[in-house]
Structure formats: C-alpha cells, structure tokens
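J.: Before anything else, here's the structure in question.
The values are calculated or read from the model by the stated rules, or taken from the named source; none is laboratory data. Everything numeric here is computed off the predicted structure, so don't read it as measured data. Note that each Cβ is placed from the backbone with ideal geometry, even for glycine, and that neighbours are counted across all protein chains shown. For accessibility, only protein heavy atoms count, side chains too; no ligands or nucleic acids. Shrake-Rupley method; radii C 1.70, N 1.55, O 1.52, S 1.80 Å.
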Amino acid sequence: MSLISQNALRKRQVAEVKEDEPNDTLLLEESEETEEVKEIKKRKKVQNEDKKQIEEEERAMKMHESFLFGSLYPLGEFGREEDSTGEVDGGASLFFTDRSASKIVATCEEEVEYQDRNEDNEMEIRKAVWVDEEEEITRVDVGRKTRAKKLKAEEDETLIGGSEYVSRSRAQFVKLNPGTEWAQQGPQVRNDDESDEELGAVVDYGDQDNEGNDSILRSNEDLVVKSSVKLSPGLLEYSRLVDANAEDPSNASINSVQFHRNAQLLLAAGFDRRLRFFQVDGKRNPMIQSVFLEDCPILKASFLPDGSQVIVGGRRKFFYSFDLANAKFDRIGPLTGRDEKSLEVFEVSPDSRTIAFVGNEGYILLVSCKTKELIGTLKMNGSARSLAFNDDGTQLMSSGGDGHIYHWDLRTRTCFHKAVDEGCIMGSALGTSPNGSLLAAGSSSGIVNIYNREEFLGGKRKPMKTIENLATKVDFLKFNHDAQILAMCSTMQKNSLKLVHIPSFSVFSNWPPPKTNLGHPRCLDFSPGGGFMAMGNASGKVLLYKLHHYQHT
C-alpha cells in the first residue's frame, strides 16, 4: 500500500473516532442524570412517606383528644383547608376557617335566652346524679315489715313510694347518728311556706351580712331549738341511763322531779324531807347540794320558770321558798285569812308572777311570786283537784269534783268559760301543751281526753282523742317541750305510766320497757330540749332515760 493510501486510512479512522466521542459523552451524561433523578425521586418519596406518617399521627392524636375531651373543630377541617390561590407550603394551609365560632356564639345565645326565661328563679334546681328512676315506681309496705314500722308517719299508713322510703330512712339514720352541727357552714335554706316543725332544726345565725357569726356568742341558749324530724309513732327509741340520784338515793318515795331551764340541773324531793340537786350528764350525775327540811315532808317542789327559786309544798299550812343564789329557805304562811291545812297541790305561772294553790271547798288561792302574799281567790262549784296555766300565764284552768273544766281570766279574776269534760265524773289531772293549743284532762276513772283548746272554748265538747290505757285514777299529765309526747301516770299500780304519741294519738307499744319494773310511778319530767326523761317512783329512785329522737337535752 502506498503512503498516500495509508495516510488516508489513518485520517478516516481518526474522523470516526471523533464522530464517536460525542455519543459516548452524551451516554455518560445521560447515565449520570438518570442516577440524580432517581436519587431525587427517592428523597421525595421518603419525604412523602414521612409526611404521611406525621399526618396519620396527628390525625390519631386529634381523634384521641376528641374522644377524651371533646372537640370544638370538626375532624378533617382544622389545618387542612387549601389556600384559594392553590399555593400550598408543605401541604399545610397558612390560614384556616374557624367554624366553631358560630357554634359557640349560638350556644352563648341559648344560655342568655335560658337565663332570661329563668331570671325570677333565685336558685336552679339540679338533679342529683345518684337519683334512681325506679324509686318512683317502687312501693314499700311499711305496715307489715317490723323494721319499717318506725318509718310510718301515720298510724294507718301502709304503702309509700320508693323515694319517700329512702328519704325517711336517711332521716332515721341521721337521727340515730347525729353529726357535728357546729361544723356545718351557713344557714339552712328554707321556704316561707314551710313551718318550723316541718323544716326541722332551725339555727339562729344572726345578721350575717352586718355582724357575721358573732351573734351566736351573745347568748348561752341552745342553737338548735326544734327537732329535725317529726317523731314516729309505734316504737319509742330510748336507752336507760344511770339513775339521776344514784349518788344519793332516797329511802322514801320521790314525789317531785323537775329539770331546771338550763337542762343540767335536776331537783328531786320526797317524803324524806330532803331537796336534792343533781347535775345530769347521763353518766355519773353528781349531786350538787342536799337541803333538809325538818317540819315538811315534801309532796311537790317546782322551779320558778325564771330559775331563781324553788317552791316547796307539803301537807302543811305553810310552804317554803328556796333561793338558789343564796341557798336559803324562807317559810311562808299560813296565808292571811285562810285556814287550809294543806298546800300540797299548786302550779306556778309561766311568767313567774303567780302561784296558784288548791284550797278548801273549791277555792283556788292566788299568791304573788314576788311578795309571797295572798292576792286573790277563785271559787269553783265543786271541789278543786287540779290546775294548769296557759302558755303566757294570763289564764288558769281548773277541774275537780263536778266534772267541769273552768277557764279563769287572772286579770279580771273571773270565769269566762265552763264546760263538762266528756265522760268525766270527777276530774283528777290537767295538762297543757307549751304553746297552749292542746289541753289534756284526766279523770278518776282512768280516762284521758285530749282537746283542741281553741275549739273547746268555741263550744266544741267532743275531744280530739280519748285515751283509755289506764285503769285507775289519773294522777299526772305532762307534755314534752314540742308537744309530741304526753306522759300520763297513775300512782295506784306498778308500771302504770304511758307515753302517748300526740300527732297520731297512739300509745307507744314498747313503753313501759318490757321486763323492767318501774315500780309505782309518782312524778315525771322532760328536759327542756327533750333529750332526757326523769321519773321518780315510790322506791326512792329517779330513773333516767335518753330519748334518741331529740339530740339536745
């Protein structure tokens, strides 16, 4: 081959090489670009997966929050609205529409309308969460079940509703398990239409707006003045305590027991001529003082209602006045112009102004508590046997041998009403409730008639109830402080002491206590708050009982 042909061939090969070089470079560049795109796509894919995972976690978190606490925003709306321009930064909107605002405003408007409709109500009544709807349809028989009989409000009550049964059971539990009332905050809420008896315990908190609670420290009286619940008929809940005179018992009959108005001091007197004073606490009942009268077996002793003196009477022409402050006896009598041989039956007026003695031949002697002098006399047709004052001391009631009940006006000293005690041949005892609305009259045949005093004065002769549980002469009648219990006794038989539930006029079936010997009862008294009941008998004992219905003595 010639030199020219060899050079031509070499040039051609070089040209082919040059033509092939751009293709290889392009393939190389294309290969490098493909790897970068794959890497970018891979990163985007990872980012998208991460973003989806985050969104799923956020969605799950919101669902949990909505389930636990509720949500103001509908799921899937908050933070997911796209911008109107379509520009999205990272898939999340920079702005969103708060659609819960309209719901909140609507709710507020409904609340305002509700408050406008109820602006006259001072307090919204809320339904307790523990109310059981089945209680409204449940009926409980309180007439047959022994444990449920104590929940009866009336003697002939049988079926009551479930809610009423629950409320009475709770009231019974509170009565048996009293709490600490001083720890309760604020006064009790009451309605003007409710009476104090229906309301229960009424606490005097004074003027709290101006003076705070300091007003309760200005008096030594009991804060609770009324019972919290009405006394139930049937069974009386009580417990026997240590005898009131256990530290100094008497060897003779106890003829008179009475509580002082502060409920801590109790006097006991009898045929042993001793006047004893005890501090009643229900546990030891220590004796404070004992005074001996040489010439007067005591048939009756009574505190003046103001608590300053004790009037002592017996089968003598005179009586005694004992000054508590000075511990001194004063002998009074015989009364001027009178020849009574006995001043053993008497009553003291609630205003501590007058002492009324039963005299001879139907006379009633009026003596001033201040001067201890005779200030007047009243005369019945028959013999006078028993006396009782009204609640304010301006009127006096008497009964006796003619079977009539007399009403006297002590301001004019005239009889303004006289009526026959139904079925009575000879009256032997009288008793009035503390508010003067009820009058109990006992007769020699053992019958006790209970009258509404206003109706009796108005001409109604029929008693509200006739009690026939005593077989011998009624010697004593006594209402407790809220007139829910009437005690009546006869001294002629053992255990002849009955307690009557006044609202239902039924005798408590578990009194006298079974298998307990009360002896021959002679006298009885209730403490001012009703918590204690003391009974003196012919054996010289003063039996003391705690009545669980009343929390305060």
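J.: What residues qualify as long-range amide H neighbours of Lys465, i.e. H under 5 Å apart, gap of 5 or more or another chain, H built at 1.01 Å from N?
T.: Amide H to amide H, under 5 Å and 5 or more residues apart or across chains, Lys465 pairs with Ile450.
J.: What is the set of long-range amide H partners of Leu438 at a cut-off below 5 Å, with H atoms built 1.01 Å from backbone N?
T.: When sequence neighbours closer than 5 places are left aside, the close amide H contacts are Ser433, Arg453.
J.: Same structure, new question: Using packing as a proxy for protection, rank 453-459, 502-508, 245-251 so that the peptide with the highest average count of other Cβ atoms within 10 Å comes first.
T.: Numbers: 453-459: 14.3, 502-508: 17.9, 245-251: 16.3.
Ranking the peptides 453-459, 502-508, 245-251 by packing returns 502-508, 245-251, 453-459.
J.: Tell me, what HN-Hα J-couplings in whole Hz come from the Karplus equation 6.51 cos²θ - 1.76 cosθ + 1.60 at θ = phi - 60° for each residue of the stretch 262-278, using x for Gly and Pro?
T.: 8, 6, 9, 9, 10, 9, 9, 9, x, 5, 7, 6, 10, 10, 10, 10, 10
J.: Another question, if that's okay. Using the Karplus equation 6.51 cos²θ - 1.76 cosθ + 1.60 (θ = phi - 60°), what ³J(HN,Hα) coupling, rounded to whole Hz, does each residue of the stretch 35-42 give in order, writing x for Gly and Pro?
T.: 5, 5, 4, 4, 5, 5, 4, 5
J.: Give the accessible surface of the stretch 238-547 per residue, rounded to a whole number of Å², with probe radius 1.4 Å and ligands, DNA and RNA excluded. List each step's numbers first, then the result.
T.: Numbers: 12520 Å² over 310 residues.
That works out to 40 Å² for each residue.
J.: Of the heavy-atom accessible surface of the stretch 238-547 (probe 1.4 angstrom), what whole percent is carbon and sulfur?
T.: Working: 5740 of 12520 Å².
In the stretch 238-547, the share of accessible area belonging to carbon and sulfur is 46 percent.
J.: Would you kindly compute the Cα radius of gyration of the stretch 238-547 and its largest Cα-Cα separation (Dmax), both in Å?
T.: Looking at the stretch 238-547, its Cα Rg and Dmax stand at 18.3, 52 Å.
J.: Please work out how much accessible surface Met426 shows to a 1.4 Å probe, ignoring ligands, DNA and RNA, in Å² rounded to 10.
T.: It works out to around 50 Å².
J.: Right, another one. List the residues whose amide H sits under 5 Å from the amide H of Tyr363, counting only those 5 or more places along or on another chain, with H placed 1.01 Å from N in the peptide plane.
T.: For Tyr363, the qualifying residues are Met380, Ala384.
J.: Can I ask one more? Could you list, in their original order, any pairs among Lys150/Lys230; Lys230/Lys478; Lys372/Lys478 whose Cα atoms are separated by more than 22 Å?
T.: Working: Lys150/Lys230 11 Å; Lys230/Lys478 19 Å; Lys372/Lys478 26 Å.
In this structure, Lys372/Lys478 exceed 22 Å between Cα atoms.
J.: Would you work out the relative contact order for the stretch 238-547, in percent, from Cα pairs under 8 angstrom that are 6 or more residues apart?
T.: Values: 858 pairs, mean separation 47.9, N = 310.
Relative contact order here is 15 percent.
J.: Output ³J(HN,Hα) for the stretch 359-364: one whole-Hz value per residue in order, computed from phi by the Karplus curve 6.51 cos²θ - 1.76 cosθ + 1.60 with θ = phi - 60°, and x for Gly and Pro.
T.: Coupling constants for the stretch 359-364: x, 7, 6, x, 7, 10 Hz.
J.: For the cross-link pairs Lys341/Lys473; Lys328/Lys418; Lys341/Lys546, which exceed 32 Å when the distance is taken from alpha carbon to alpha carbon?
T.: On the way: Lys341/Lys473 24 Å; Lys328/Lys418 41 Å; Lys341/Lys546 39 Å.
Going by Cα-Cα distance, Lys328/Lys418; Lys341/Lys546 fall outside the 32 Å limit.
J.: Whole angstrom only: what separates the Cα centroid of the stretch 302-371 from the Cα centroid of the stretch 449-526?
T.: If you average the Cα positions of each part, the centres end up 26 Å apart.
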